[in-house]
Amino acid sequence: MADAGTLTRADIAETINRQVGLSRADAAAVIDSILNHMIDAVVDGENVKISGFGTFVLRDKGQRVGRNPKTGIEVPITPRRVLTFRASQGVRHKVK
């Protein structure tokens, strides 16, 4: 698979600058505000759903026993919280 590059905040700010006409600084501030709002919501235990894009869900995983693949020794894996993303059907269809 060819390296497609990475979409950055600066790239999004540039696109907003060109398409909407906001200055790059204002576009960057809007992006930061949106991302901070999303982060705060996830930290507070809320799901973040962006229609047509996908849903971010914070899950609590319980303790379990794992195994070191090299040595075969069993190791306890501590409970933790993980952030998962489930793409919308439209996004999944376009990615195929």
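Here, each number is a calculation from the coordinates, and none is a lab measurement. Keep in mind that this is a model prediction, so the values were computed, not measured.
Quick notes on this structure:
- Amide proton proximity set for GLY54, modelled H, under 5 Å, gap of 5+: SER88
- Expected 222 nm ellipticity per residue - DSSP helices of 4 or more, -39500 (n - 2.57), all of the chain, to 500: -13000 deg cm²/dmol
- Per-bin percent of Cα-Cα distances, the range 47-96 [10 Å]: 23, 29, 23, 23, 3
- Descending semi-axes in Å of the chain, equivalent ellipsoid built from Cα gyration tensor: 35, 18, 15
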